Amino acid sequence: MSQLKRQNQAQTLRIFRKVHRYTGAFLFMFFFIIAITAVLLGWKKHSAEYIMPNTKSGISADAKDFMPVAALQEIALITAKKAFDPKLSLELDRIDYRPADGIAKFIFKEHIQEIQLDASTGAVLSIGPRRADWIESLHDGSLVDNELGIPNGYFKLFYSTLTGIALLVFTITGFWLWYGPKRMKKESEASTQVKRKIKTPKAIIS
């Protein structure tokens, strides 16, 4: 391997090492949050209902047997008034229907509580916190948009773009920091073998 080529490869490795190190240092907290929240979200259905209540089952999975939405919503709000702190808002974020399970989940906008009702009878099947929703909003950055009132999810867009590109940079630089020295060593050994062949005279056959 020529001295100039070896110097260029060494310089490339130094640049990749700096990019890898500074990117990791600058985005350490973001990657730490993403890693922890990803683990928690992976365990949300195996956390003994601490992170997220298990989905219950109603008596019927036939939509013809389901009560009207308005009637179910009224039951959910009455239940919420009795079960929740009076200071908590009862404004609904969404109603999550699970036809195959015969239930409806009522999820509130300003806190993490949910109520599961049997869609056919209106019976209360579960009341519990959906910590997974808060963890997910922290994981994808939408928590900042919600807390600061940033419109159109701009922080989430910035956050996901930044961390996605950084992860790509990490992957490329990390691979090259592993592969680059191996390549340099292989080329150096190949160059040494060529030099030995040149210096060693061929045997003369008489």
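A few remarks follow.
- With respect to being modelled with pLDDT of 95 or more, within 32 Å of the chain's Cα centre (by Cα) and either assigned by TED's automatic domain parsing to the domain that holds Gly122 or among the polar types (S, T, N, Q) (or both), Ala70 falls outside the description.
- Total residues in the stretch 108-154, condition surrounded by fewer than 17 Cβ atoms within 10 Å (Cβ to Cβ) and among the aromatic types (Phe, Trp, Tyr): 2
- Criterion applied to Asp101, Asp85, Asp62 was being exposed (fewer than 14 other Cβ atoms within 10 Å of the Cβ), within 22 Å of Tyr50 (Cα to Cα) and not basic (Lys, Arg), and the one residue passing it is Asp85.
- Residue match in the stretch 108-119 (condition: more than 31 Å from the chain's Cα centre (by Cα) and farther than 29 Å from Leu143 by Cα): yes
- Residues of the stretch 18-37 satisfying the condition of being surrounded by 13 or more Cβ atoms within 10 Å (Cβ to Cβ) and not hydroxyl-bearing (Ser, Thr, Tyr): Val19, His20, Gly24, Leu27, Phe30, Phe31, Ile33, Ile34, Ile36
- For the stretch 117-138, filtering for residues that are in contact with a helix residue (DSSP H, G or I) (Cβ under 7 Å, 6 or more places away or on another chain), farther than 17 Å from Trp43 by Cβ and among the β-branched types (Val, Ile, Thr) leaves 2.
- Residues that are among the acidic types (Asp, Glu) and part of a helix (DSSP H, G or I) within the stretch 70-85 comprise just one, Glu74.
- Residue within the stretch 141-155 that is β-branched (Val, Ile, Thr) and either within 14 Å of the chain's Cα centre (by Cα) or at pLDDT below 90 (or both) present: no
- Which listed residue, of Leu90, Leu40, Leu27, is more than 16 Å from Glu136 (Cβ to Cβ), assigned by TED's automatic domain parsing to the domain that holds Trp176 and in contact (Cβ under 8 Å) with a residue 12 or more places away in the chain: Leu27
The values are calculated or read from the model by the stated rules, or taken from the named source; none is laboratory data. These figures come from a predicted structure and were not determined experimentally. All Cβ positions, even for glycine, are placed from backbone atoms using ideal geometry, and neighbour counts span all protein chains on display.
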